[in-house]
Amino acid sequence: MAIKLGEMLLKEKLITTEQLDEALKNQTIFGIKLGSALIELGFLSDKQLCLFLSRKLGVPAASPRDMSWISPEVLSMVPAEMAGKYRVVPIRCEGKKLSLAMADPADFKAIDEVAFVTGCVILPHIVPDVRITSALSKYYNIRGDIRYLRIEGELTGKRRTVPVAATIKKTEKIEVPMLTDSGELLNIEIPLEFEGFANLYGPDDDHAAYLGGVELYTIDRLSLEFASAKKRDQIASVFIKYLGQEFSVGALFIIRGNMAIGWRGIAAGKRLEELESLNILLTKPSVIRDVLVTGQFVMGNLIQTPGNLQLLKSLRSGPGTPLLVLPIIMLKKIVAVVVVSAEMEALGKRLQELQKLVYKASLAFEMLIIKSKILTT
């Protein structure tokens, strides 16, 4: 279903090609489902998407009212572990018929498992993935991605249908930014067919690659794994493993609106779990905001602003710890930030190498966009 969603929406003229391209980029960069990316960008409302999928798949839709209150008795029928594994939420039970909200009502394995555990006939109901995430958090205390929860909050506060935007004018070439050795931002022209170069077609998380294995990463091996990556999180895991091998601290942040969201982190060979729940407000002074404003790297000891102290704490580092912070840029936009820590002299010596690695990572993301676009349209 997910692979053909973009093509189906295009055929129904519910979105434009340009809107699909933009949603695919968001899907890749932020690791959310395509439908959720379309909703977040305002190209479709959650109601539009839900009704469209309901009609196409021939299953009823679960309304926001269905999801707003669910009795404890119904919720207890499906264990939290199973609900989280299959991303399903029971919404009501009538006799031996259990209505089940699902992001993918074609997931027959999930239906069979829930039917076996509950002893009920399962009636699948389609619901956007963003609402499944919210319901799992609300009813089962299953931590959802902050990006989904933010979308859900916006939908709850303001439900509206946004008209399709005007067609975006295309040029024969586009510019891709990269950093010189001195940190200067340059724009390199590439053919138009490489636009949207980066979509990852699955938000699946693979934390195992963080620390797994004792074999050291070389630059060549890193490049090969970047090139063969099939998911956004594979690129992040490979990058973090290399940073953890080479530096005392390494971290990745995703830039999302006015927030820098902790993605992956490693210190002394151990995963920084607290960093993954960190959000740094970019309207306040911080080294990450400085990187966004200038488009260039920052290296050295940090000014002790609340944002910087928050960052250092999440990295398990003290106020006097020198950091090197570099932007990951895709199509003129900073989409992520790399942070490493070491002695100042070591940071200076490794600067050029890290700039090249950051550029390789941006190209790897862009390759995923092309792969995802091929599969989705």
The listed residue being touching a Gly at 6+ places or on another chain (Cβ under 7 Å) and part of a strand (DSSP E or B), out of Val335, Val325, Val340:
Val340
Could you check the range 52-68 and list, in sequence order, the residues that are closer than 20 Å to Leu5 by Cα, of a type in the set (A, V, I, L, M) and either at pLDDT 85 or above or touching a Phe, Trp or Tyr at 6+ places or on another chain (Cβ under 9 Å) (or both)?
Val59, Ala61, Ala62
Could you tell me whether Ile39 is part of a loop (DSSP other than H, G, I, E, B) and not assigned by TED's automatic domain parsing to the domain that holds Ile235?
no
Return yes or no: is Ala236 in contact with a Ser or Thr (Cβ under 9 Å, 6 or more places away or on another chain) and either touching a residue at least 24 places away in the same chain (Cβ under 8 Å) or among the aromatic types (Phe, Trp, Tyr) (or both)?
no
Of these, Leu20, Leu14, Leu38, Leu44, which one is of a type outside the set (D, E, K, R) and more than 20 Å from the chain's Cα centre (by Cα)?
Leu14
Do we find that Ser63 is closer than 16 Å to Arg131 by Cβ and over 29 Å from the mean Cα position of the chain (by Cα) in this structure?
no
Count of the range 264-288 residues which are surrounded by fewer than 21 Cβ atoms within 10 Å (Cβ to Cβ) and either closer than 17 Å to Val358 by Cα or over 20 Å from the mean Cα position of the chain (by Cα) (or both):
7
Within the range 239-259, track down each residue that is assigned to a strand (DSSP E or B) and not β-branched (Val, Ile, Thr).
Gly250, Ala251, Leu252, Phe253, Arg256, Met259
Those residues of the range 311-322 which are without any contact (Cβ under 8 Å) to a residue 40 or more places away in the chain and either under 16 Å from Ile255 (Cβ atoms) or crowded, with 18+ Cβ neighbours inside 10 Å (or both), in sequence order
Leu311, Leu312, Pro322
Kindly indicate whether any position in the range 91-102 is in a strand (DSSP E or B), touching a strand residue (DSSP E or B) at 6+ places or on another chain (Cβ under 8 Å), among the polar types (S, T, N, Q) and free of Cβ contacts under 8 Å to residues at least 60 places away in the same chain.
yes
Give me a count of the residues in the range 14-25 that are surrounded by fewer than 21 Cβ atoms within 10 Å (Cβ to Cβ) and either assigned to a helix (DSSP H, G or I) or without any contact (Cβ under 8 Å) to a residue 12 or more places away in the chain (or both).
4
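The values are calculated or read from the model by the stated rules, or taken from the named source; none is laboratory data. A quick note: this is a predicted structure, and the numbers were derived from the prediction, not measured. Neighbour counts are summed over all protein chains in view; Cβ atoms, including those assigned to glycine, are modelled from backbone coordinates with ideal geometry.
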